[in-house]
Amino acid sequence: MCRRAALLAPRRRATFRQALLAPRARISFLRFGQAPTAGAARRRSVPRPALQRAERLRGTVQNARVKRPLVTLGVLGLAAAGWGQFEAGWVRLRTLEVRLPGLPSELEGLRIAHLSDFHLGFPSRGERAVHRAVRWTAARKPDLTLITGDLLSRPSAEARLRGLLQLLPSSYAVLGNHDFAISRDPFSKPSALADLDSTTLLEDDARTVELRGRRVQVVGIDPRSYRRGTARPDQLADPDADLRILLCHYPSVIDKLPAGVFDLVLAGHLHGGQVCIPYGRGKLRLSHLRWTYAEGLYRRPGGVLHVSTGLGTTFVPFRLFARPEATELVLQSGS
């Protein structure tokens, strides 16, 4: 037993000397004049693998705190994109009463279908909305069908367009900027639409038709002349017509018309903003922030304006809080 104790004694002394000479112990004696604290001893007693695991766990928690908002935003973005693709084909088919001052009694109840912005050729569910809107319009058999531009985004869809227009008798149309690829949309290609077979294409031109024994004039503006500032729709208006309707792709035309020349002005172009963020009773229209007339009815000195949200899409294949629509306008006398 004594021999064993003698063998172990030097090891104990060596261990004590090593403890005294350890860097942390020297610092404790020099700075505080006392032995290392219990906390320091506990820190030295923690195995290095455990410290490494704790550091990794702390880093994982910090990364999770940073990534959680990013993941949430990503999920919300995917949900919005998925809903937007669905909404692009979720067409609203509605009837809207429009009161026009001085409308002859014979024309009260006249039904006018207003379609706009097909954008055929752009890959989206908007084409589904176009097909359903055309079938709905054909089934209702309105007195007039009026189309306000952007029929094609790519010329490859021209055959499909002509097939759809065959279903719409008594229809008149103007072209829009996308029909000529006058746009920042990289997917837009110019089309060579010179006529539309069964649909009368109006390019700075007018037609007068007799409905219910009254003369109804439809005037159409070419988007190129409008953009150049050379369009003069008031010079095409027939003062002897009982009802004068102007078709122009751009809603802003209403502010350039003399008072009393046109009774009804139809336009499109804005898609209702296409991608919108609702707030309170309004919504922020991201695609067209500065336009005054985005959708619906407006009464101005130049006439009563109806702006369609259209049917197709551009730039991106979805809509958000801006459903596509086809509208039947029912005319009534009054203000």
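Quick notes
- Any chance ASP185 is under 27 Å from the mean Cα position of the chain (by Cα), in a loop (DSSP other than H, G, I, E, B) and not hydroxyl-bearing (Ser, Thr, Tyr): yes
- Verdict on GLY220 being touching an Asp or Glu at 6+ places or on another chain (Cβ under 8 Å), under 26 Å from GLU106 (Cβ atoms), at pLDDT 95 or above and surrounded by 20 or more Cβ atoms within 10 Å (Cβ to Cβ): yes
- From VAL253, VAL209, residue being under 27 Å from the mean Cα position of the chain (by Cα), among the β-branched types (Val, Ile, Thr) and modelled with pLDDT of 95 or more: VAL253
- If the condition is being part of a loop (DSSP other than H, G, I, E, B) and either under 27 Å from the mean Cα position of the chain (by Cα) or hydroxyl-bearing (Ser, Thr, Tyr) (or both), then the range 100-119 contributes SER116, ASP117, PHE118, HIS119.
- Cβ pairs under 8 Å, 6+ apart, first in the range 194-223 and farther than 20 Å from LEU175 by Cβ, second part of a strand (DSSP E or B) and acidic (Asp, Glu): VAL216/GLU210
- Of all residues in the range 224-233 being in contact (Cβ under 8 Å) with a residue 24 or more places away in the chain and of a type outside the set (Lys, Arg), the one that is nearest to ASP150 (Cα to Cα): TYR226
- Where strands (runs of 3 or more DSSP E) sit wholly within the range 294-335, those with at least 2 residues that are buried (at least 18 other Cβ atoms within 10 Å of the Cβ), in contact with a helix residue (DSSP H, G or I) (Cβ under 9 Å, 6 or more places away or on another chain) and at pLDDT 95 or above occupy 303-307, 325-333.
- In the range 127-144, the residues that are assigned to a helix (DSSP H, G or I) form Cβ pairs under 7 Å with partners that are among the polar types (S, T, N, Q), at six or more places apart or across chains, as follows: THR137/THR145.
- A search for C-beta distances below 6 Å between a residue of the range 163-174 that is at pLDDT 95 or above and any residue that is among the small types (Gly, Ala, Ser) and surrounded by 15 or more Cβ atoms within 10 Å (Cβ to Cβ), counting only pairs 6+ apart in sequence or on different chains, returns LEU167/ALA138; VAL174/GLY149; VAL174/GLY220.
- Any hit, the range 193-202, residues being touching a Pro at 6+ places or on another chain (Cβ under 6 Å) and crowded, with 18+ Cβ neighbours inside 10 Å: no
- Residue in the range 270-289 that is assigned to a strand (DSSP E or B) and at pLDDT 95 or above present: no
The values are calculated or read from the model by the stated rules, or taken from the named source; none is laboratory data. These numbers were taken from a predicted model, which means no experiment stands behind them. Quick reminder, even Gly has a Cβ in these numbers, built from the backbone with ideal geometry, and neighbours come from all protein chains shown.
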